[in-house]
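**Student:** Pasting a structure here, questions to come.
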Amino acid sequence: MSLITISEWLLLLSFFLYVAATIVYVLAITGRRWANREPKEHEQRYGRAGFYLVVVGFLAQLGYVIARWIAGGHSPTSNMFEFMTFLSFCIILAFLIIYRIYRLTVLGVFVIPTGIIMLAYASVFPSKVTPLIPALKSYWLHIHVTTAALGEGILAVGFAAGLMYLVRTVPQERPSKSTAWLEIVLVVVLMLVGFILMVSTFANLDQKTVFQVPQFDSSGNVEKTLEVEYLLPAVVAPYQSTIITPGPMTPWFEAPAWMEGQDAARKLNTMLWSIISGLVLYGLFRLVLRKRLGAVLKPLLDDIEPDLLDEISYRAIAIGYPVFTLGALIFAMIWAAEAWGRFWGWDPKEVWALIVWLFYSAYLHLRLSRGWMGTRSAWMSVIGFVIILITLVVVNLVIAGLHSYAGV
Amino acid sequence: MGKQNRMFIRVAILGVLLAALVFAVYSSLASDSVLKAGDAAPNFQLEQLGGGSITLNDLRGKGVVLNFWGSWCKPCEAEMPELEKQYQKHKDDGVVFIGVNIGQTPVTVETFVKQVGVTFPILLDREREITKLYKIGPIPTTYFIDKDGKITDILVVQLTEEMIEEKLAKIMP
Amino acid sequence: MADQRKCECGHTNPVGTVLCEFCGKPVEENGDRAFPSMRYEGMARRSQTHNKTLVDHVWNFFSSVKIAIILIVITLIAAAVGTIFPQQRYIPVPVSGESGVAAFYKDTYGMLGEIYYLLGFHKLYSSWWFVTLLVMIGMSLVICSLDRIVPLYKALSKPRVNPHLSFLKGQRLRGECEPGSDFAADETLAQAAAILKKKGYRIYREGSTLLGEKARFSRWGPYVNHIGLILFLLGVLLRGLPGMYLDEFIWVREGQTVAVPETPYYLKNVEYKTEYYREDEFPEQLDLENRLIPKNFQTDAVLYVNENADLPGAEPKLREVKSGSITVNNPFVYEDLYLYQASNQEMQLAALNFTLIDKQAGNKELGRVKLDLYEPEQEQVVAEGITVRVISYFPDFYMDESGQPATRTSQPNNPMFAVEVRSAQDGAAEKMIYVSGRIIPESEGGRYTLQIEMPDFTDITGLMVRKDKMLPLIYFGSFVVMVGLVMGFYWQHRRIWLHLEQGRLYLAGHTNKNWFGLKREAEFLVEQLALPMSLVLDSKSKNSAAENKTKEEEKPT
């Protein structure tokens, strides 16, 4: 068995261990009121089991990182698949660190799924081990990307704790603006899940739709035609395209003329499916549970002091912020100076790293100087992580730049 | 610390910061320094088409018309006869006409010069060093330099005889 | 309004003081309002004292954290706007001139693109208003720091060992108990001192009060970090000075030596090569569909210094100073000059090759003719008595409107040569033209012709030329930023007071972050001393409401 195969198995193993850990963590909280139980003892016992599962999963994923590093000859941080798996690895590592400090069982219910979603998201991208192109052949690839990912992983724990604070404190007795916003955040998470489910389902179904797309020059004449392949069923067709290979459904409408890029319409189609599947998932939950999602999650946290959640969220951000600064900005600048001859060039990825940094700077100033704690601070930690995801995902896949090698 | 003292320190610090602001905005806007009328024309030496070389500073005491051109540039081609006519008219009035070709091979330059019928000296800036030195953007660009080596006019336009005549008046010794 | 206020302990404090500098009692008549903020230990901040002249107004504007946050948020939004469409320098296709740029945004992104261009967002990061924003953040950093460092220094340099009772009672973490009549105060305090010392606290003692303090330096973290940012921004600013920063690009053919712009150097491209991964070098079988993955882009180069550089354009006098290879991620460095492998054009036409044929001698091959596209020889001897002379050369040939041959650029994209074959024996001269892969004789029935052979190709390397004398300062600033961040975020300033007054023992604790850690340490202390004391940790939300309230009052009037 080759090292690469071993690494794949280890990664799969860690995925299942994390899923198992999440289930155990949920049982640790929900099972406290089961009959014949001392609630505290129950939570401790299950919490410990969950923690061990996470640790074993983490070790398996560490094994994956090491095996793939050796097999590929470079740190597994060189494309989207490798980066997203590494990010999930860092989120779990950050969880272990923060859990060591606060020993709060319920943290696992929220942080581990965040890591799982990132891991599942990675599976959407091609997972082959590729040799490094010259631009990436530098030891700064290991240093810059791993440190940046670790910082982002710790900030993700800040997000999870902030979200927990909101779930814990937003009153669910009757609908309000706060409940609505909280539901929106949860729906967005479901859309990401929906996207992963759709792509991984259709990747194995071979239900491709192929279009012939005319490309226009500036005076509106057809310059050439391109073939565009959809993995997902086509809801929206490229502008003025014709179907060569029909898929499972006929498109409902055509993309507007200004979406000209070769992949623009395909990306729009994928985005629509994410939204649709997220809404469907949400609808199913509402139908089955007959409650707002926030109200479903709230009992998990009823015993937790909101102040503790606020502190954890802040602490995670306070730990993650310097790491992020070092990895995503300073190391990035040094590498850029060595590879491109300038430490800063306002490349979209650089700009978004700066935006993340400015945002968390504002968070820290508002918190330390203006007394923004609790709810406002929690909302900011959630928004901050959304900006990180924009930086990692949207910038690579939608806005092209020097970092586009990481895209697919 | 007295009020006055504090005031003085604040004014000083704000002054420095304001200067930094002005400098930052200035250097972001004027990213490339340019030569302008009134500046001294930077000295150079270039090989001449057909042999020999010319050093700008050796021409002190005479007015210099320095025309940057390339054979791919149509306005350059169009203004050559105008320059030639003015050259013929004023070559004994203490002014020197010089054409600086930008980066082309002698063969190409020679063909072109014959085609347009130019007789004033043509210099070959093979490395485009002088083109950079004189911050040439669009061509044709023509520098008018007086007898003391000071730039009097920079024209980034296709020249006519009238224009040359007018600017020449200023640099004639 | 008086400039100073007298505390009940008799000490006079500057206006803006929240806690008496001497005894720590809240200075303003708080009544039963919440305890004031502990920021700057209750010291007066400089900007709050006067607010009369324009200078003071400007000063106070920049010293406000609120303004700093607003500046940060505006910068953040502006920076995001600049990524909606590519900046001008990242336009993926070649465009020429301002009109070309305008057309690119309009054609590619439609009306939105046009608006984007018209608003100047295509050069957002060098626009005057964005630069102004960055400098204003710098100003805010300088003034905020100056404004706060002095009072913080004053406060931290003399720890308040024996504060007023209301100060202790007002802390978020506190406890009190009646230890009983057999309580040995001195012994307990000494024991507490030993315990705290073990935990890394520094001990101060005054009468029946004990103060343990730890990691005071972490309070300086934010300021160290801000000083680092100021140094960083200063480095960026100074790059605008002439000679500090150089950004050029050169194309060099193999074998060619070119001047490195704005420096006294010349660079020779000895060889350029691109290497690709072999199939057996892949860690895993890849489905590449005949695509190759590049492994290395490399230029072997020699750097010369021109000792004749004082006179631009003069015949260079070259002396070799360094040779080596340039690859991506490994620039060529000589003193402060950096050369980066940035681009390449491989297999470019370098010279046309021909064989001169004598048709009258039964298509006899007379010899080789080489027409270099960059340095064509005026005349070359092909065989005994036979020369080929170049009459004209158009590197990028086209026919202009008046039917004249012309060149579009100075690059040999479509070379056209007119040559003349001369024979010394019969004095004949025949002209012919090479264009678009064909030989066209001037007149039919000539004696000579050129047979086209395989041309010479060359690789052209594209190198970035950089000098950045401010880089050390920028790196140093970044380093200071990291030191400040680590100081401020990975350590916490903790203080624990134990105070005996009128038979009651009071405990109070304060920290700037991680209250749970502080509480754990205080609990450990109480447990070790076996005190009948239970500790209270106020909810943050209550405390923050109080902080907000005092903040409102902090605003200059």
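**Student:** Return the residues of the stretch A:14-42 that are in a helix (DSSP H, G or I) and aromatic (Phe, Trp, Tyr); say none if nothing qualifies.
**Tutor:** A:15, A:16, A:18, A:25
**Student:** Still on this structure, I have one more. Regarding residue A:314, is this residue within 13 Å of chain C (Cβ to nearest Cβ), under 30 Å from residue A:103 (Cβ atoms) and in contact with a Lys or Arg (Cβ under 8 Å, 6 or more places away or on another chain)?
**Tutor:** It is true that residue A:314 is within 13 Å of chain C (Cβ to nearest Cβ), under 30 Å from residue A:103 (Cβ atoms) and in contact with a Lys or Arg (Cβ under 8 Å, 6 or more places away or on another chain).
**Student:** Taking residue A:337 as the residue in question, decide whether it is part of a helix (DSSP H, G or I), more than 9 Å from chain C (Cβ to nearest Cβ) and crowded, with 19+ Cβ neighbours inside 10 Å.
**Tutor:** Against the criterion (part of a helix (DSSP H, G or I), more than 9 Å from chain C (Cβ to nearest Cβ) and crowded, with 19+ Cβ neighbours inside 10 Å), residue A:337 does not qualify.
**Student:** Which of the residues spanning the stretch C:130-151 are over 19 Å from residue B:11 (Cα atoms), within 31 Å of the chain's Cα centre (by Cα) and touching a residue at least 24 places away in the same chain (Cβ under 8 Å)?
**Tutor:** C:130, C:133, C:134
**Student:** Assess whether residue B:166 counts as being among the acidic types (Asp, Glu), part of a helix (DSSP H, G or I) and at the interface with another protein chain (Cβ under 10 Å from one of its Cβ atoms).
**Tutor:** Considered against the rule, which asks whether it is among the acidic types (Asp, Glu), part of a helix (DSSP H, G or I) and at the interface with another protein chain (Cβ under 10 Å from one of its Cβ atoms), residue B:166 comes out as no.
**Student:** Just one of (1) closer than 27 Å to residue C:517 by Cα; (2) without any contact (Cβ under 8 Å) to a residue 24 or more places away in the chain trips up residue C:165, so point out which.
**Tutor:** (2)
**Student:** Right, another one. List the residue pairs whose Cβ atoms are under 6 Å apart, where the first residue sits in the stretch A:47-63 and is under 20 Å from residue A:75 (Cα atoms), the second is polar (S, T, N, Q) and in a helix (DSSP H, G or I), and the two are 6 or more positions apart or on different chains.
**Tutor:** Hits for this filter: A:57/A:14; A:60/A:14; A:61/A:14.
**Student:** May I ask you to say which residue of A:275, A:304 is touching a residue at least 40 places away in the same chain (Cβ under 8 Å) and either of a type in the set (Asp, Glu) or within 30 Å of residue A:104 (Cα to Cα) (or both)?
**Tutor:** A:304
**Student:** For the subset of the stretch B:132-163 comprising residues that are assigned to a loop (DSSP other than H, G, I, E, B) and within 24 Å of residue C:263 (Cβ to Cβ), which member is modelled with the highest pLDDT?
**Tutor:** Step by step, filter the stretch B:132-163, then rank; the result is B:134.
**Student:** While we're here: Tell me, which strands (runs of 3 or more DSSP E) wholly within the stretch B:24-124 include 3 or more residues that are touching a helix residue (DSSP H, G or I) at 6+ places or on another chain (Cβ under 8 Å) and either loosely packed, with under 13 Cβ neighbours inside 10 Å or free of Cβ contacts under 8 Å to residues at least 40 places away in the same chain (or both)?
**Tutor:** B:95-102
**Student:** So, one more: Being free of Cβ contacts under 8 Å to residues at least 60 places away in the same chain, within 10 Å of chain B (Cβ to nearest Cβ) and aliphatic (A, V, I, L, M), is that true of even one residue in the stretch C:387-397?
**Tutor:** Checking the stretch C:387-397: at least one residue is free of Cβ contacts under 8 Å to residues at least 60 places away in the same chain, within 10 Å of chain B (Cβ to nearest Cβ) and aliphatic (A, V, I, L, M).
**Student:** Could you tell me whether the stretch C:344-363 includes any residue that is under 22 Å from residue A:132 (Cβ atoms), in contact with a Ser or Thr (Cβ under 8 Å, 6 or more places away or on another chain) and in a strand (DSSP E or B)?
**Tutor:** Checked the stretch C:344-363: at least one residue is under 22 Å from residue A:132 (Cβ atoms), in contact with a Ser or Thr (Cβ under 8 Å, 6 or more places away or on another chain) and in a strand (DSSP E or B).
**Student:** Taking the options C:241, C:233, name whichever one is within 12 Å of chain B (Cβ to nearest Cβ), over 29 Å from residue C:325 (Cα atoms) and part of a loop (DSSP other than H, G, I, E, B).
**Tutor:** Unique residue meeting the criteria: C:241.
**Student:** Can you give me the number of residues within the stretch A:348-379 that are part of a loop (DSSP other than H, G, I, E, B) and either modelled with pLDDT of 90 or more or more than 7 Å from every other protein chain (Cβ to nearest Cβ) (or both)?
**Tutor:** 1
**Student:** Do you know which residues across the stretch C:365-386 are of a type in the set (S, T, N, Q) and either more than 8 Å from chain B (Cβ to nearest Cβ) or in contact with a Ser or Thr (Cβ under 9 Å, 6 or more places away or on another chain) (or both)?
**Tutor:** C:380
**Student:** Can you tell me which residues in the stretch C:85-107 are part of a helix (DSSP H, G or I), without any contact (Cβ under 8 Å) to a residue 12 or more places away in the chain and surrounded by 13 or more Cβ atoms within 10 Å (Cβ to Cβ)?
**Tutor:** C:90, C:103, C:106, C:107
**Student:** Filter the strands (runs of 3 or more DSSP E) completely within the stretch C:248-338 down to those with at least 1 residues that are away from chain A (no Cβ under 14 Å) and of a type in the set (Asp, Glu).
**Tutor:** Ranges flagged: C:265-276, C:294-306, C:318-327.
This table checks each residue for (1) outside any helix (DSSP H, G or I); (2) surrounded by fewer than 21 Cβ atoms within 10 Å (Cβ to Cβ); (3) at pLDDT below 90.
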site	(1), (2), (3)
A:152	no, no, no
A:168	no, no, no
A:180	no, yes, no
A:187	no, yes, no
A:219	yes, yes, yes
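**Student:** Now, a different point. In the stretch C:423-438, what residues are exposed (fewer than 12 other Cβ atoms within 10 Å of the Cβ), on the phi < 0 side of the Ramachandran plot and part of a loop (DSSP other than H, G, I, E, B)?
**Tutor:** C:424, C:425, C:426
**Student:** Same structure again: Right, residue C:427: under 21 Å from residue C:357 (Cβ atoms), out of contact with any strand residue (DSSP E or B) (no Cβ under 6 Å at 6 or more places or on another chain) and in the same structural domain as residue C:379 (by TED's automatic domain parsing) or not?
**Tutor:** Yes, satisfied.
**Student:** Here is a follow-up. Taking the stretch A:67-93 only, how many residues are assigned to a helix (DSSP H, G or I), within 20 Å of residue A:140 (Cα to Cα) and away from chain C (no Cβ under 14 Å)?
**Tutor:** Of the residues in that region, 8 qualify.
**Student:** Okay, moving on. Can you go through A:317, A:304, A:275 and tell me which one is part of a loop (DSSP other than H, G, I, E, B), of a type outside the set (D, E, K, R) and within 30 Å of residue A:167 (Cβ to Cβ)?
**Tutor:** Checking each option against the conditions leaves just A:304.
**Student:** Within the stretch C:114-129, restricting attention to residues that are in contact (Cβ under 8 Å) with a residue 12 or more places away in the chain and crowded, with 17+ Cβ neighbours inside 10 Å, which residue is nearest to the other protein chains (Cβ to nearest Cβ)?
**Tutor:** For the stretch C:114-129, the residue satisfying everything is C:125.
**Student:** Hey, any hits in the stretch A:192-211 for a residue that's surrounded by 14 or more Cβ atoms within 10 Å (Cβ to Cβ), part of a strand (DSSP E or B) and among the polar types (S, T, N, Q)?
**Tutor:** yes
The values are calculated or read from the model by the stated rules, or taken from the named source; none is laboratory data. This one's a predicted model, so the numbers in the text were calculated from it and none came from an experiment. Every residue, glycine among them, receives a Cβ derived from its backbone with ideal geometry; neighbour counts consider all protein chains shown.
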